[in-house]
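See structure below.
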Number of protein chains: 2
Amino acid sequence: MRIAILGGTGSFGRALAGRLVELGGDVVVVGSRDAERAAACAAELGGGAEGKANADAVVGADLAILAVKADGALDTAREVAASLGDTPLLSVATAIRFEKGVGALPDPDGLSLAERVQQVVSGPVVAGLHSIAAANLDEAAPDEDALVCGDDPAAKELVLELAGRLVAGRAVDAGPLASARALEGLTAVIVNVNRRYKAHAGLRVTGLA
Amino acid sequence: MRIAILGGTGSFGRALAGRLVELGGDVVVVGSRDAERAAACAAELGGGAEGKANADAVVGADLAILAVKADGALDTAREVAASLGDTPLLSVATAIRFEKGVGALPDPDGLSLAERVQQVVSGPVVAGLHSIAAANLDEAAPDEDALVCGDDPAAKELVLELAGRLVAGRAVDAGPLASARALEGLTAVIVNVNRRYKAHAGLRVTGLA
């Protein structure tokens, strides 16, 4: 599978790219606003990783991962929309503002960032991996599950398969794309937990067969 | 500790009351709109449980648990506010509506149910246990953690101690009361997961020391 990571030189994107290169089997394309920085990052990663400007990185990809920070996510999605076409796009960022360490969705209509990304690209958007810290991806497969949601079954299945390889736990189908409202909001809780316990917390879903 | 469970004859309230009676050590007071139904439920529970009308149940309690369904939570909180005084109140319900199986907070200002409950009672409100299914409380201590949030440290500590006894996992401090927005939203995700996997899912927080 050819996987383009937009914002692949950022902390989460780079950790994700590194993990995918380690796992092997996929062609990892690091995307960045700056093609040279992408190329340098890809060279460091090795494993046949490529580095390109974001809009070029998605060309021919089976899956693109929008790993830029929340404040740049919509601009990057708009920037790559034409070259992305109908390729599935995984949204991992959270648009919450923090007020006294607690998140509130900033959008007055209550949409998640992932739903707003869906408004600017034509391919199916899947959301997930919100509860996985970059620091945990740096280690061996982290002891946590990956929650994934989306409206397009095939795109969601693709991401579930990928997510299941990233974590020691399982990839859990959390329902339609609108579930991203809850998954993104949960990031604030995890930040609170991390502060309180000086941890990089993750989640496991218990009680599944 | 004397614990009043408002809505203690409902499915979650009754499961919680049953678990607390089993654990022993606390005096459990089942509250209901209907004092006779409360008394009948308490008699079935045994273990010295008492049954009273909601407003009477909270008198002398060290902790009250608002275990009525979301649509009755604010009315019940208003009804007991005077007799509750400064006693801590634990809010466990979720005010989310479901749209195609996915939750959206109904309140235009984005407050959680727990924060709205805090607007009608004078004692400290703590929120938690949202991710614990009544069905899981019926078993032995369920394999999950209990997430708890609140602004009053002493009240939160009291609930964390109680919550830690209910689950096989741990009670996790999820930050200030506003974290209830995320914890309540998460209920929709758990409902989606339960449908998809025919499960009674719970959560574990990993990565804590």
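Taking each DSSP H run with n ≥ 4 as -39500 (n - 2.57) and averaging over every residue of the protein assembly as shown yields -12000 deg cm²/dmol at 222 nm.
Computed FRET efficiency, Cβ-Cβ of residue B:62 and residue A:119, R0 41 Å: what is it to the nearest 0.05? Computed FRET efficiency for residue B:62 and residue A:119: 0.25. Amide H contacts of residue B:171 (H built 1.01 Å from N, in plane; Pro and chain starts excluded): B:146, B:164 sit under 5 Å, all sequence-distant by 5 or more or on other chains. Take every Cα pair under 8 Å whose residues are at least 6 apart in sequence, average their separation, divide by the length of the range A:126-208, and the relative contact order is 37 percent.
In terms of its Cα atoms, the range B:1-92 spans 29, 23, 22 Å along the principal axes, sorted from long to short. Could you calculate the FRET efficiency of residue A:86 with residue B:22 from 1/(1 + (r/R0)^6), where r is the beta carbon distance between them and R0 is 35 Å, rounded to 0.05? That gives a FRET efficiency of 0.05. Computed over the alpha carbons of the protein assembly as shown, Rg followed by Dmax gives 22.9, 75 Å.
When the scattering of the range B:134-209 is computed by the Debye formula from its Cα atoms alone, each counted once and equally, what is log10 I(q)/I(0) at q = 0.20, 0.23 Å⁻¹? Listed by q, the Debye log ratios stand at -0.96, -1.18.
Between amide H atoms placed 1.01 Å from N, distances below 5 Å from residue B:29 occur with B:3, B:4, B:5, B:50, all of them 5 or more places distant or on a separate chain. Of the solvent-accessible surface of chain B, computed with a 1.4 Å probe over protein heavy atoms with every protein chain present, carbon and sulfur atoms account for 51 percent.
Solvent exposure of the protein assembly as shown, expressed per residue, is 38 Å² of accessible area, with all protein chains present and a 1.4 angstrom probe. The A-B contact accounts for roughly 2600 square angstrom of buried accessible surface, both chains included, probe 1.4 angstrom.
Over all projection directions, the Cα-based convex hull of the range A:166-209 averages an area of 4.0 nm².
Counting only DSSP beta bridges with both residues in chain A, tell me the antiparallel percent, nearest 5. So the antiparallel bridges amount to about 20 percent of the total. Over the C-alpha atoms of chain A, the Rg to Rh ratio, Rh being the Kirkwood estimate, stands at 0.94. Among beta bridges identified by DSSP and lying wholly in the protein assembly as shown, the antiparallel ones come to about 30 percent. Positive contributions from Lys and Arg (+1) and negative ones from Asp and Glu (-1), summed over other residues with Cβ under 15 Å from the Cβ of residue B:138, come out at -3. Per-residue surface analysis assigns residue B:204 an accessible area of about 70 Å², computed on protein heavy atoms at 1.4 Å probe radius. Among the listed pairs A:198/B:156; B:156/B:198; A:69/A:198; A:69/A:156, which have their C-alpha atoms separated by more than 25 angstrom in this model? Long pairs (Cα-Cα over 25 Å): B:156/B:198. Label-to-label distances for residue B:23 across copies, nearest first, come out at 3.9 nm, using points 7 Å from Cα in the beta-carbon direction. Taken residue by residue and averaged, Cβ atoms of other chains lying within 10 Å of the Cβ of A:145-154 number 1. Sorting B:143, A:173 on solvent-accessible area from highest to lowest, probe radius 1.4 Å, gives B:143, A:173. Residues whose amide H falls under 5 Å from that of residue A:201, counting only those 5 or more places apart or on a different chain, are A:194, with hydrogens built in the peptide plane.
Relative to the other identical copies, residue B:143 shows label-point distances of 1.4 nm, where the label point lies 7 Å from Cα along the Cβ direction and values run shortest first. In nanometers and ordered shortest first, the copy-to-copy spacing of the residue A:48 label point, defined 7 Å from Cα toward Cβ, is 6.9.
The values are calculated or read from the model by the stated rules, or taken from the named source; none is laboratory data. As the structure is a computational prediction, the values presented were derived from the model and not from experiment. Positions of Cβ are generated from backbone atoms using ideal geometry, with glycine treated the same way; all protein chains shown enter the neighbour counts. Side chains included, ligands, DNA and RNA excluded: accessible areas come from the protein's heavy atoms. Shrake-Rupley method; radii C 1.70, N 1.55, O 1.52, S 1.80 Å.
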